[in-house]
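Data block below; observations after.
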Amino acid sequence: MPETHFTKDHEYARIEGDIAVIGISDYAQSQLGDVVYVELPEVGRRLAMGEDAAVVESVKAASDVYAPISGEVVEANGALADNPAAVNQAAESGGWFFKIRIADRSELDQLMGADAYKSYTEGL
Amino acid sequence: MSTTDHARLRNLTFTGNRGLEMEEPLLFETGRIGVSGVDLDEPDEVESRLGALARAEPLQLAGFSEPEAMRHYVRLSQKNFAIDLGLYPLGSCTMKHNPRLNEKLARLPGFADIHPLQPQSTVQGALGLIEEMCRWLRELTAMPVVAFSPKAGAHGEMCGMMAIKAALDARGETRSIVLVPESAHGTNPATAALLGYKVETIPAREDGTVAAETVREHLSSDVAALMLTNPNTCGLFERDIVEIADAVHQAGAYFYCDGANFNAILGKVRPGDLGVDAMHINLHKTFSTPHGGGGPGSGPVVFSKALAPFVPVPVVEVGEDGLKLLEKRSQTAEQGGQGAQSFGRLTAFHGQFGTFVRALSYMMSCGGEGLRQVSEDAVLSANYLRVCLSDLMSLPFGDKPCMHEVLFDDSFLDGTGLSTLDFAKAMIDEGYHPMTVYFPLVVHGAMLIEPTESESKASLDLFIATLRDLVMAAQNGDKERFTQAPRLAPRRRLDETLAARSPVLRWMPPEAAQGVAQAAE
């Protein structure tokens, strides 16, 4: 099972070697409601941990998505432009936002594991 | 009423009209090409100079007789919900009654028929009106300078923040951060971002307000300003505001206050006494001029002494030989007073003059005491709703007094399977414009209700009884009344997701539209 980390702001970082796949959690999509638009970072942009990286807009609200860890954007999920519904259908798989090359692995220690995140959302 | 009942009702008439409520198609669906409502003589033979550029085919424009064209727009106007039709409790929007006296005065020929390019000596009365309105704003806010040209609240925010930027530039400082609490209006971070600032969000404490301590933690020599909305979007007064202002000033930053909720504190609290450096005032909210599709907004900004040199032109100067509109930076620089280091100009001419007339009419007809009563009654109305609904609906920050708007969350709908959106849609069937929903974001399923001081007790009581009836229906499992709502409006509930994901922004003939729909599938 791949290693996935979560932030308090409901982003996830799934680790695939040197790369982290970033998106919003299934809990986040359920709270946002139907996603209608996603704005993604440009490939090559260097993101600092916690920096505004993307915007997700649902029928209810537009929200910033922050970089859960630092790194350079290597790929953005262009399929979301035509099909933002993928975020609702598969937030933690096909509905990923972008991939970054991990700059500092130690930053992952500040994030929650899947179990910790689950109990965090249950308390909300 | 079931869906089948509704289908039957819709098809009840041959025309699609229901009683005297007219079903109105688009112009392109009913117009006849070649028809014109204007009967002009054929022009004498004119030789075309268009050559090869002349149209081979006539324009496919829909045409109408004059009564048809008139009826189209009157029918559409009658589908518009307005404060003139009923209670409009949209939170943070201050949808108050627009007194007709304001309209009467704005239509006086001396105000309505003048032109901004007229010689200033011929419009001394109009300049005097601008100055008089500014005097009222200065008096009400205890701020020495007013920039009257911004055309709406967000424009006013930009004006205020541009003056702050100019003041920092004049000090030779470049600061990159603007602090915005999460309970601020959504336009605040947008304004800061538009001017190139990085926005840092300040979280609220448990009770929904901002703590001075939290602001202090975020302040640094890189912070240009704090933008605070007071009362905030939870309808709560920011009690730490003076301490916050002091902390902001100690850090060398400026304090911007969003004045959209000024209706709650009018005549009670003067922003200048709180340490505010700049605040916009929505004349169209607080001072009763039409808005929300009814008329243009207007967002004058009041400034502290520290920012007075940087305000935009034009400014009105009172001289011995009358009033002068100083329109150029060279003129204000020469005078050495307000706008001496002006950041420039935001609008052509001087802003929304017709709105100034209406606002001043409102101020003068209320008088100072009356304006104080405005805010007292607005706060009383909101608290009356709170007290009469708090047993059935849920208050996120506990049952304590609010300001001019009362905020509920959606926990009273727990277990009903219904959402804030369903609840809001059901209000339409009852003849109410829904309250503001899902804002502020800090509260789950927020419902923000601002009744304003315009409503009588009878009007508030009917509204309360309606909401109580709806809550009880929701809790008794009458789901259809909500999920099917609106059932009685000219259109049923729209598919907001589809509309946002695949918006159709241009009318197409039915055959072409069908092709596009198939391609989308």
Discussion item. Anything in the stretch B:33-69 that is surrounded by 12 or more Cβ atoms within 10 Å (Cβ to Cβ) and either out of contact with any Gly (no Cβ under 6 Å at 6 or more places or on another chain) or closer than 21 Å to B:ARG506 by Cβ (or both)? List them, or say none.
Written reply: B:GLY37, B:LEU61, B:ALA62, B:GLY63, B:PHE64, B:GLU68
Discussion item. Looking only at the stretch B:410-432, filter to residues that are within 14 Å of B:LEU392 (Cα to Cα) and hydroxyl-bearing (Ser, Thr, Tyr); which one of those is surrounded by the fewest Cβ atoms within 10 Å (Cβ to Cβ)?
Written reply: B:SER411
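Filter the stretch B:314-336 down to residues that are touching a residue at least 40 places away in the same chain (Cβ under 8 Å) and outside any loop (DSSP other than H, G, I, E, B), then give me how many there are.
Of the residues in that region, 7 qualify.
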Discussion item. Under 6 Å between Cβ atoms, which residue pairs at least 6 apart in sequence (or on different chains) link something in the stretch A:74-88 that is within 11 Å of chain B (Cβ to nearest Cβ) with a partner that is surrounded by 21 or more Cβ atoms within 10 Å (Cβ to Cβ)?
Written reply: A:PRO84/A:VAL35; A:PRO84/A:VAL36; A:PRO84/A:VAL38; A:ASN88/A:GLN29; A:ASN88/A:VAL35
Practice prompt. Could you please let me know if B:ALA499 is under 30 Å from B:ARG75 (Cβ atoms), in a helix (DSSP H, G or I) and within 14 Å of chain A (Cβ to nearest Cβ)?
Written response: yes
Response to the item:
Here the residues within the stretch B:149-202 that are out of contact with any Lys or Arg (no Cβ under 8 Å at 6 or more places or on another chain) and in a strand (DSSP E or B) are B:LEU179, B:VAL180, B:PRO181, B:LYS198, B:VAL199, B:GLU200, B:THR201, B:ILE202
Worksheet item: Only one of (1) over 25 Å from B:PHE412 (Cα atoms); (2) surrounded by fewer than 16 Cβ atoms within 10 Å (Cβ to Cβ) fails for B:THR483. Which number is that?
Response: (1)
Practice prompt. Would you check which residues across the stretch B:284-303 are surrounded by 24 or more Cβ atoms within 10 Å (Cβ to Cβ) and under 22 Å from B:ILE164 (Cβ atoms) and list them?
Written response: B:SER298, B:GLY299, B:PRO300, B:VAL301, B:VAL302, B:PHE303
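Conditions tested, residue by residue: (1) assigned to a helix (DSSP H, G or I); (2) among the small types (Gly, Ala, Ser).
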site: B:SER77; (1), (2): yes, yes
site: B:LEU87; (1), (2): no, no
site: B:LYS96; (1), (2): no, no
site: B:ASN102; (1), (2): yes, no
site: B:LEU105; (1), (2): yes, no
site: B:LEU117; (1), (2): no, no
Worksheet entry | Residue satisfying all of: in the stretch A:19-61; touching a helix residue (DSSP H, G or I) at 6+ places or on another chain (Cβ under 9 Å) and over 30 Å from B:LEU421 (Cβ atoms); nearest to the other protein chains (Cβ to nearest Cβ) among these | A:MET49
Worksheet entry | Options B:LEU421, B:LEU392, B:LEU385; residue that is within 16 Å of B:VAL471 (Cα to Cα) and either within 14 Å of chain A (Cβ to nearest Cβ) or in contact with a Ser or Thr (Cβ under 8 Å, 6 or more places away or on another chain) (or both) | B:LEU421
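Can you go through B:MET508, B:MET472 and tell me which one is surrounded by fewer than 20 Cβ atoms within 10 Å (Cβ to Cβ), assigned to a loop (DSSP other than H, G, I, E, B) and more than 14 Å from chain A (Cβ to nearest Cβ)?
When all the criteria are applied, what remains is B:MET508.
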Discussion item. Regarding the stretch B:79-90, can at least one residue be identified that is loosely packed, with under 12 Cβ neighbours inside 10 Å and modelled with pLDDT under 95?
Written reply: yes
Worksheet entry | Residues located in the stretch B:487-496, provided they are under 26 Å from B:ASN17 (Cβ atoms) and either within 14 Å of chain A (Cβ to nearest Cβ) or not in a loop (DSSP other than H, G, I, E, B) (or both) | B:ARG493, B:LEU494, B:ASP495
Worksheet, complete the sentence: Sole miss for B:GLU157 among (1) at negative phi; (2) loosely packed, with under 14 Cβ neighbours inside 10 Å is condition (2)
Worksheet item: When only residues in the stretch B:424-446 that are within 14 Å of another protein chain (Cβ to nearest Cβ) and without any contact (Cβ under 8 Å) to a residue 60 or more places away in the chain count, which is farthest from B:GLY91 (Cα to Cα)?
Response: B:HIS444
Item to complete: Answer yes if at least one residue in the stretch B:459-469 is in contact with a His (Cβ under 8 Å, 6 or more places away or on another chain) and among the basic types (Lys, Arg), and no otherwise.
Response: no
Worksheet entry | Filter pass, B:GLY339 being touching a helix residue (DSSP H, G or I) at 6+ places or on another chain (Cβ under 7 Å), buried (at least 23 other Cβ atoms within 10 Å of the Cβ), at pLDDT below 95 and in a loop (DSSP other than H, G, I, E, B) | yes
Worksheet item: Out of the residues in the stretch A:1-27 that are hydrophobic (A, V, I, L, M, F, W, C) and at pLDDT 95 or above, which is nearest to A:ASP64 (Cα to Cα)?
Response: A:ILE24
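Sort out for me the helices (runs of 4 or more DSSP H) sitting completely within the stretch A:33-124 that have 2 or more residues that are in contact with a strand residue (DSSP E or B) (Cβ under 6 Å, 6 or more places away or on another chain) and more than 30 Å from B:THR436 (Cβ to Cβ).
Qualifying helices (runs of 4 or more DSSP H): A:114-122.
The values are calculated or read from the model by the stated rules, or taken from the named source; none is laboratory data. Fair warning: this is a prediction, and the values are worked out from it, not measured in the lab. In this analysis, Cβ positions are derived from the backbone assuming ideal geometry, glycine residues included, and neighbour counts consider all displayed protein chains.
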